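Visitor: Following this message is one structure expressed as structure tokens.
Read-outs throughout are calculated quantities, based only on the coordinates presented, and are distinct from any laboratory measurement. Because the structure is a prediction, the values reported are computed rather than measured. Here the Cβ positions follow ideal geometry from the backbone for every residue, glycine too, while neighbour counts run over all protein chains shown.
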Amino acid sequence: MLAWILLLMGVLGVVLGQFYYKRYGQTKNRLWLIIGVGLFCLAVPCSMIAARDLGIGKVYVGHSLSYILAPVLGMMFYDEPVARAHWKYFVLIMIGILIYAY
């Protein structure tokens, strides 16, 4: 159970790290840069510890969620457009996760 929580923390660390780095790019407030880099740094040990228990394959597949979550956050908070083709790719990523899970 702890490994799954660490995997989730790793994925969220990567996604939120990107989010705060983008915020830094817009505002040039170094606090956002420090938070973003800190989250990226936190994601690495979380993922490594999760990989010990879950295996590297599950961790890599789990991290593929960041390719969905990051654009969706950008769409929600920064009004970034997400093209129709991206939604198709998101579905393919989810299908791949489900296939790997079963």
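Visitor: Under a point-charge model restricted to the Cβ atoms of Lys and Arg (+1) and Asp and Glu (-1), what is the dipole moment magnitude of the chain relative to its Cα centre, in debye to the nearest 20?
Guide: Computed charge dipole of the chain: roughly 180 debye.
Visitor: Here's something else I'd like to know. Answer with one residue from PRO45, ILE97, TRP4: the one whose Cα lies farthest towards the positive end of the charge dipole of the stretch 2-101, charges on Cβ with Lys, Arg +1 and Asp, Glu -1.
Guide: In the stretch 2-101, that residue is PRO45.
Visitor: Next question, about the same structure. Relative contact order for the chain: what percent, with Cα pairs under 8 Å and sequence separation of 6 or more? Display every interim value, and only then the final one.
Guide: Values: 92 pairs, mean separation 31.0, N = 102.
It comes to 30 percent, rounded to a whole number.
Visitor: Taking the Cβ of ALA3 as the center, what net charge do the other residues with Cβ under 13 Å away carry, scoring Lys and Arg +1 and Asp and Glu -1?
Guide: My count for the surroundings of ALA3 gives +1.
Visitor: Which listed residue (ALA83, LEU31, PRO71) has the Cα farthest towards the positive end of the charge dipole for the chain, taking +1 on Lys and Arg C-beta and -1 on Asp and Glu C-beta about the Cα centre?
Guide: LEU31
Visitor: With the cut-off at 15 Å, report for the stretch 2-101 the share of all Cα pairs above it, as a whole percent.
Guide: Tail fraction, whole percent: 64.
Visitor: If the cut-off is a Cα-Cα distance under 28 Å, which lysines reach LYS88, setting aside same-chain residues fewer than 8 apart in sequence?
Guide: Qualifying lysines at Cα under 28 Å: LYS22, LYS58.
Visitor: Can you give the net charge of the other residues whose Cβ lies under 15 Å from the Cβ of LEU33, counting K and R as +1 and D and E as -1?
Guide: Values: positive: LYS22, ARG23, LYS28, ARG30; negative: none.
After counting each charged neighbour, the total is +4.
Visitor: OK, next. Rank by packing, highest mean first: peptides 38-46, 6-14, with packing defined as the count of other Cβ atoms within 10 Å averaged across residues.
Guide: Top of the packing list down: 6-14, 38-46.
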